[in-house]
Amino acid sequence: MKTVQVNASNSYRVLIGSGLLPQLGEHMKEITGNCKAAIVSDSNVYPLYGAIAARSLENAGFEVIHFVFPAGESSKNGDTYLKLLNFLADNHLTRTDCLIALGGGVVGDLTGFAAATYLRGIAYIQVPTTLLAAVDSSVGGKTAIDLTAGKNLCGAFYQPSLVLCDTDTLNTLSMDIFRDGCAEVIKYGVLYDEALFDLLAQTGISFPREDVIARCVQHKRDVVASDEFDRGARQKLNLGHTIGHGVEAHSHFQISHGKAVAIGMAIVSRAAASTGMCTTDTSDRICRVIQSFGLPIQTEFTAQQLMDAALSDKKRSGATINLILPKKIGSCVIETTAIAHLQSFIEAGL
Ligand code: GLY
């Protein structure tokens, strides 16, 4: 097992390893007193792992209840959120009780936001069961639900009390969903870590999971410690996301988040090479690794279409938008770009 300590407004440990889920109760006992534990999960994950989590919590002396909602991004809305809050209130959860987010990013974001707001704040534990949630959304305290106007438009920064990542839960992911998480793993290599990038180039999709997840979480820990509230350095985690958001939105979410981010990273890398920000060799290496994971590097959408969607994203600030661009593998910059130049920039990367 690997442990990563996160020091933010609330400090906590991220535990990563095989066989951890049956130890959930023991690890929870280290951070809470006797209390009610409300497992929040979705209709895909709960049938697979709900009983293991509940048994572990009960064996450790916790009273366990569960709330399960239909799997999918379309559940990450105000309706499910209010149902969850009412479920907690009907079961008389108090501020000394705890929520357990058992699932991927949708479960983690929704549970975290409910935890941030129920009784003005109750503890929660993230138990990520997708690669994407393990390396990104379960760590760092970004919680949210979607509004009709867009994804993650209503949320809070609210750190969990513990993250427990049992790498065995990744074994039941479809290859497609696993690949989605790989886009975020590659992102950490491009942003911060040439050695990680080179390892991924060698191993492809069969990388050593515990080591690589821990490495990604260490990078996330460092950036969250330096900019918890996303005012500067944390924005680098959006590498590939602004244009990726355009790809996702234009496909009406038929292209998944990970594939869209992969396309976004490829486009900004080629565009950065065209302006001399990085070399063509750097952009070629990035595209080759993305492709070697079976992820796409091209889109049929036009620069105009991608720009329109990018501009509806919350990363926009007045007449400019912050783009994250590679200078070399392991080093990226935040480039404030005039909206007037955005379309030609995207065109250069298509
Ligand atoms: N997922 C990006 C962040 O946590 O800032």
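Here are the numbers:
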| read-out | value |
| --- | --- |
| Whole-number percent relative contact order across region 80-149, with pairs defined as alpha carbons under 8 Å at least 6 apart | 35 |
| Part-to-part distance (alpha-carbon centres) for region 279-308 and region 47-70, which is given in Å | 41 |
| Helix axis angle, 280-292 relative to the chain longest principal axis, alpha carbon, degrees | 40 |
| FRET efficiency estimate (nearest 0.05) - Cβ-Cβ, ASN171 to SER331, R0 41 angstrom | 0.75 |
| Over the chain: helical MRE at 222 nm, DSSP H runs n ≥ 4 each giving -39500 (n - 2.57), nearest 500 | -13500 deg cm²/dmol |
| ASP227 paired with THR96, simple spin-label distance in nm, labels 7 Å along Cα-to-beta-carbon | 4.0 |
| Length-normalised contact order for the chain - Cα pairs under 8 Å, 6+ apart - percent | 15 |
| Carbon/sulfur fraction of accessible area - region 47-158, other protein chains in place, 1.4 Å, % | 55 |
| Rounded tilt (10° steps) of 194-203 against the dominant C-alpha axis of the chain | 80 |
| Whole-angstrom gap from region 336-350 to region 171-212, using each part's C-alpha centre | 28 |
| Listed residues VAL107, VAL40, GLY78: farthest to the positive end of the dipole of region 30-155 (Cβ charges) | GLY78 |
| Tail weight of P(r) past 35 Å, computed on alpha-carbon pairs of the chain, percent | 20 |
| Radius 10 Å from Cβ of GLN218, net charge of other residues (Lys, Arg +1; Asp, Glu -1) | +2 |
| Probe 1.4 Å, accessible area per residue of the chain, Å² | 39 |
| Within a Gaussian network of the chain (alpha carbon springs, distance under 10 Å), most fluctuating of ASN322, ASN59, ASN77 | ASN59 |
| Hull volume in cubic angstrom per residue (convex hull over the Cα atoms of region 1-70) | 108 |
| Distance histogram in 5 Å bins (all Cα pairs of region 155-213, percent per bin) | 4, 14, 24, 21, 18, 13, 5, 1 |
| At 0.890 mPa s and 25 °C, Stokes D of region 180-309 from Kirkwood alpha-carbon radius, µm² per second | 163 |
| Fraction of accessible area attributable to carbon and sulfur, region 166-286 (%, probe 1.4 Å) | 49 |
| Charged-residue dipole, Cβ positions (Lys, Arg, Asp, Glu), region 93-199 about Cα centre, Debye nearest 20 | 520 |
| Net dipole in debye of region 260-350 [+1 Lys, Arg Cβ; -1 Asp, Glu Cβ; about Cα centre; nearest 20] | 280 |
| Among GLY72, GLY240, GLY141, residue whose mean-square fluctuation peaks in a GNM of the chain (springs only between Cα atoms under 10 Å) | GLY72 |
| Size of electric dipole in the chain: Cβ of Lys, Arg +1 and of Asp, Glu -1, about Cα centre, debye, nearest 20 | 500 |
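The values are calculated or read from the model by the stated rules, or taken from the named source; none is laboratory data. Just so it is clear, the structure is predicted and the values come from calculations on it, not from any experiment. FYI the Cβ positions are ideal-geometry reconstructions off the backbone, even for glycines, and counts take in every protein chain you see. SASA here: full protein model, heavy atoms, side chains in, ligands and nucleic acids out. Shrake-Rupley method; radii C 1.70, N 1.55, O 1.52, S 1.80 Å.
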